[in-house]
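Undergrad: Input: one structure, supplied below.
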Amino acid sequence: MLRRLLLLAALVGGPAAFALDRWLARRRGPHPVEPMRMLVVIDAPVEQTWAIVSDIALQPEWMHEMKAVTMETPGPARPGARGTALVRIAGISVSDPVEIVAVEPPRRFAIRHLGLFTGGGEITLEPSADGRATVVRWEERLVPPLLPDLGSLVQAPILRSIFQADLMRLKRLVEQGGVA
């Protein structure tokens, strides 16, 4: 009985999900999937915050889902440099090849996702009025390989929460003076 119910759910749910994804794509038009936006204020100057944000080897320290990162392009982080991160979310591991598209010290760091999930991410830093704190904004657009519009809609609140928690870890790391 359970098998029949699961089969029926797959036969009905699959086409319904596909139809909903196409409807969402038509509603969206030619514009890409809406980015997720996160923000944190860090009690440290921009230069101190930038030193942690731009240190690729340190990213797994504050991006909890990133288990490891390997740069394939030797030398400093720069546009065109490529790397691969091992990312695990909800127990599912995926290799995430990325290309750096912008490094503008101490204000902007941006990447493009080249793997199963496409899209891009950008972190910008802005000093507070008195220069003692840094406003960090993170925009991330992740497009799933199947049912991209429906998948993006479903994953956005989950990933936004995860990424916001990552920014809170970044805040603690910077305010505590980095990794010991």
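Undergrad: I'd like the residue in segment 148-158 that is more than 14 Å from residue 118 (Cβ to Cβ) and buried (at least 17 other Cβ atoms within 10 Å of the Cβ) and, out of all such residues, is nearest to the chain's Cα centre (by Cα).
TA: 156
Undergrad: Restricting attention to strands (runs of 3 or more DSSP E) lying wholly within segment 73-146, give those where 3 or more residues are exposed (fewer than 13 other Cβ atoms within 10 Å of the Cβ) and in the same structural domain as residue 162 (by TED's automatic domain parsing).
TA: Once the strands (runs of 3 or more DSSP E) in segment 73-146 are filtered for at least 3 residues that are exposed (fewer than 13 other Cβ atoms within 10 Å of the Cβ) and in the same structural domain as residue 162 (by TED's automatic domain parsing), what remains is 92-104.
Undergrad: Same structure, new question: Given (1) at pLDDT 90 or above; (2) exposed (fewer than 13 other Cβ atoms within 10 Å of the Cβ); (3) in a loop (DSSP other than H, G, I, E, B), identify the lone condition not met by residue 64.
TA: Among (1) at pLDDT 90 or above; (2) exposed (fewer than 13 other Cβ atoms within 10 Å of the Cβ); (3) in a loop (DSSP other than H, G, I, E, B), residue 64 violates only (2).
Undergrad: Only one of these conditions is not met by residue 67: (1) within 17 Å of residue 125 (Cα to Cα); (2) among the charged types (D, E, K, R); (3) free of Cβ contacts under 8 Å to residues at least 60 places away in the same chain. Which number is it?
TA: It is condition (1) that residue 67 fails.
Undergrad: Criterion first (assigned by TED's automatic domain parsing to the domain that holds residue 167, free of Cβ contacts under 8 Å to residues at least 12 places away in the same chain and either farther than 16 Å from residue 169 by Cβ or touching a Leu at 6+ places or on another chain (Cβ under 8 Å) (or both)) does residue 154 satisfy it?
TA: Working: assigned by TED's automatic domain parsing to the domain that holds residue 167: yes; free of Cβ contacts under 8 Å to residues at least 12 places away in the same chain: yes; either farther than 16 Å from residue 169 by Cβ or touching a Leu at 6+ places or on another chain (Cβ under 8 Å) (or both): yes.
In short, yes.
The values are calculated or read from the model by the stated rules, or taken from the named source; none is laboratory data. Note that the coordinates shown come from a computational prediction; the quantities given were computed from them, not determined experimentally. With ideal geometry, Cβ positions are generated from the backbone for all residues, glycine too; neighbour counts draw on all protein chains shown.
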